[in-house]
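Structure first, commentary second.
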Amino acid sequence: MPFAARLTLAFLVVAAAPLVFVWSFVAHDDTLMQPTIAITVVAMAVALLVGRIATEPTVRALRQLERATRNLALGDFEAPIRLEVARDLGEVSRELRRVAAQFGRQRYEYELLEAATRDKIQRGELSIEVLEKQNARLRAQSEALQQFALATARMLDPAQIAGELLAAVNKEVEYTHAVVFLTAGPDAELTPVAVCDHGARSVGNYLKETRSCRSELGYDVASWGLQVGRTVRIDDLALDGRWSNCLPEVRSALLVPLEVKEKSVGILKVCHEEPRRYRSREVEELVVALARQAALAIEHGRLMREAAEVAALRQLDRFKSDLLSTVSHELRTPLASIKGYATTLLREDVTWDADTTREFLQIIDEESDRLRSLIDDLLQMSEIEAGILRIRRQPVSLGRLGHRVVKRLRPQARQHTISGHFPANLPAVEADLQRVEQVLRNLLTNAIKYSPDGGAIRVTAQAVVGSDHQYQPAGLDQEQRPTRVLVAVKDEGIGIAAEHLPHIFERFYRVEGDVAWKAGGSGLGLAICRGIIEAHGGAIWAESVAGAGTTFFFTLPVHEGETIQLENDGAEE
């Protein structure tokens, strides 16, 4: 019930209480009933009127308080709050005004904070957008650089690297004409090595000879850009009188030096037919990054070539030293023998009998053969190194050839057991008969030298399939036809230590030891064997366990045809 209604009701109750008491006395008197009713009605009306008048300010104040509270609830903190009431409600009015003022200040501070937060959010969103763009640009540059690095990873030719640079730039930057110039030094003339003109790309040092028109390649502009030593952007070549000799259709240009450690190795010139084409900083940064990567690749290739030249010179010097050492040692021994025995035979104070003379001449003959063999090995090794070793290919039966070599070497190895085992259906190989015979003879001779007396030496061959030292016996069916013939020479000698196996086929390589010293040799035999076998398209290797013998393997390609008949084969085993 509203406050005004409750107050009016209270007045009515107060006014009616005496009348009820009076009615209790006049209830039995009819003459007093009507005046009493009239007085009662008048009293109640007066009470209602008095209650209305008494509650009106309070009701008005309460309504104002309600409106003010509603305004505060709706956020209107500026509307005036005035209550026409007594002192106790006036305190409520002051408190509401204080609360409204506090709320107003808080809303103002909130609006300021909201504006500041909104501004920070906008700045943050703008920063995020800028960072996303930068990240996308850097990611694109990184991908372009990575692809360029992969493309030039194994390139050593500067012209090829320059061509890849033009291709990489063309993927990211539009141009109609581009040239890469290289220079050998600060004062050296620029040399064009890669040109791209409207999509047609040419690469090679020959460009300096085929391009007779210097203005077509823009030598002057490139030379000036190289002298400046930094990235230069020319917005319009037609407006600059210095470049009047350039092609008329070329308007804008971007000159990027190829620098490594503040040293220029060349310059990249990118041109377009439209002016002010390369004003974008992102484009410039990408081209500069690619140019630096290309400069690093060119410098890396130069260092690799220099390192290879140094290594080749060192190897050549070592080869000369080894050659001089080996030749001087190997030549001195037979020459000393020849000289000594010849001088002895020529002495006039001594008369030699026929047997002694024959013995001395036989020694001279053997040492002469030894000297000739060394010279032949040196000449043959030089042919192999120069790549001019002649191979006369023909179908060869390894079975017949193997038995013949074994038969001829038996007189030299009376203290050893030499045997050859070759299948009857062994296919012929495509090879040079004399060269393969030389390989078999060298391997068997080494086996005889390094095997103890009574040791067994065994030569075998089989048709195989496979590659890279992973061979399997070939079947007789057509689906597994042999591609190679694998030959093995096994001995029961001293063996070769594991650390020496990778080097035994190198020229002049000798395994140190008493047995090796006694065996002698020039150190070229196995190197010559490798050169001959590899010239046939085969492979040669060795497997050994120290103290348990060595097995040499080599392969030769199978010949699809009839075998050649060898003369004087000898009996087969």
Fill in: HN-Hα J in Hz across the range 459-465 - Karplus 6.51, -1.76, 1.60, θ = phi - 60°, x for Gly and Pro
10, 10, 8, 8, 7, 9, 10
Worksheet item: Which pairs break 26 Å Cα to Cα here: K133/K171; K339/K407; K407/K490?
Response: K339/K407
Practice prompt. Treating only the Cβ atoms of Lys and Arg (+1) and Asp and Glu (-1) as charged, compute the dipole magnitude of the range 389-557 about its Cα centre; round to the nearest 20 debye.
Written response: 820
Worksheet item: So how much slack lies between D235 and S321, counting 0.36 nm per residue of separation and subtracting their Cα-Cα distance, in nm?
Response: 24.7 nm
Worksheet item: Please identify the trypsin sites (Lys or Arg not before Pro) of the range 132-173 that satisfy two criteria: DSSP loop assignment and at most 14 other Cβ atoms within 10 Å. Which are they?
Response: R154
Worksheet item: At what distance in nm do the modelled label points of L112 and T417 sit from each other, each positioned 7 Å from its Cα along Cα→Cβ?
Response: 11.2
Discussion item. Report the gain in length on full extension from A488 to E143: 0.36 nm times residue separation, minus Cα-Cα distance, nm rounded to one decimal.
Written reply: 118.9 nm
Fill in: Karplus (6.51, -1.76, 1.60) ³J(HN,Hα), θ = phi - 60°, over the range 532-545, in Hz, Gly and Pro reported as x
5, 5, 5, 5, 7, x, x, 9, 9, 7, 9, 10, 7, 10
Item to complete: Please list, in chain and number order, the residues 5+ apart from V260 or on another chain whose amide H is under 5 Å from its amide H, with Hs placed from the backbone.
Response: V265
Worksheet entry | Pairwise label distance in nanometres, R63 with T357, each label 7 Å out on the Cα-Cβ vector | 16.6
Worksheet item: For L331 and D365 in one chain, what is 0.36 nm times their gap in residues minus the Cα-Cα distance, to one decimal in nm?
Response: 10.8 nm
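Taken together, the values in this text are just the output of simple stated rules run on the coordinates, not laboratory data. In this text, all values refer to a predicted model and were calculated from it rather than measured experimentally. Cβ atoms come from the backbone with ideal geometry, glycine included; neighbour counts cover every protein chain shown.
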